[in-house]
1. Determine, from the Cβ-Cβ distance of E124 and E53 and an R0 of 30 Å, the FRET efficiency 1/(1 + (r/R0)^6), rounded to the nearest 0.05.
2. What do the square roots of 5 times the Cα gyration tensor eigenvalues come to for the stretch 1-102, in whole Å, largest first, as semi-axes of the equivalent ellipsoid?
3. What does the charge add up to near V60, with Lys and Arg as +1, Asp and Glu as -1, over the other residues with Cβ less than 15 Å from its Cβ?
4. Find, among the chymotrypsin sites (Phe, Trp or Tyr not before Pro) in the stretch 79-127, those assigned to loop by DSSP (not H, G, I, E, B) with at most 14 other beta-carbon atoms within 10 angstrom.
5. For the Cα atoms of the chain, what angle does the longest principal axis make with the long axis of helix 123-152, in degrees from 0 to 90, nearest 10?
6. Please report the carbon-and-sulfur percent of the accessible area for the stretch 1-72; probe 1.4 Å, protein heavy atoms only, DNA, RNA and ligands left out.
7. Per residue, what accessible area does the stretch 1-97 have, given a 1.4 Å probe and all protein chains present, in Å²?
8. Below 8 Å between Cα atoms, with a sequence gap of 6+, how large is the relative contact order for the chain in percent?
Amino acid sequence: MEHKQLLTVFNSLPVGIGFFTADGTLVRCNESFCRIFGADSQTLLGNKLNINENSVVPDVVKEAVRRCVPVQMSFLYDFDKQRTDKRFFSTRTRTCYLKCNGNPLYDNDGKFVNYIFIFEDITETVKSEEVLRQSRPENGACYEGSQHHVLGI
């Protein structure tokens with residue numbers, strides 16, 4: 001595949017992908033990453049954003065980057081709190097739930113190259129699950145009532 005085709009695929013993915021150096025500096029990201037974090041790539045890359053300096057990112061994620069070990073987790077990202085970091089301005093406000101999958105990347109000689117994060121905004125999924133969870137007692141009561149009704153026939 002040609003570089004241009006790979007770039008098209010990279011920027012068409014529905015998940016955000018970011019490459020970070022060993023010290024945690026963002027060096028490349030796709031369009032979904034920019035959408036998730038509410039800023040364009042020039043802003044994100046031009047400000048030399050460092051994951052270790054972001055007060056909203058959980059310490060376990062920062063530690064995984066420092067130690068070059070994989071990490072998978074979901075967490076609440078507070079854009080209003082992030083706005084206090086003057087390094088970049090996000091168009092997003094409030095909070096969202098992010099799912100991240102991070103892994104170190106090595107070259108053929110086993111030397112560390114970058115740390116890759118795949119981010120997914122799972123806010124709508126979390127909200128839907130919460131609505132479903134809250135409605136279960138009502139659904140259960142309806143189900144039990146209909147079950148007794150059927151058995152009573």
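1. Values: r = 29 Å, r/R0 = 0.96.
The calculated FRET efficiency here is 0.55.
2. On the way: eigenvalues 89, 58, 37 Å².
Those come to 21, 17, 14 Å.
3. +2
4. F89
5. It works out to around 20 degrees.
6. Percent of accessible area from carbon and sulfur atoms in the stretch 1-72: 54.
7. So the stretch 1-97 comes to 59 Å² accessible per residue, rounded to a whole number.
8. So the answer I get is 22 percent.
The values are calculated or read from the model by the stated rules, or taken from the named source; none is laboratory data. None of the values given here were measured: they were computed from a predicted structure. Note that we place each Cβ from the backbone using ideal geometry, even for glycine, and neighbour counts take in every protein chain shown. These area figures cover heavy atoms from the full protein model, side chains too; ligands, DNA and RNA do not enter into them. Shrake-Rupley method; radii C 1.70, N 1.55, O 1.52, S 1.80 Å.
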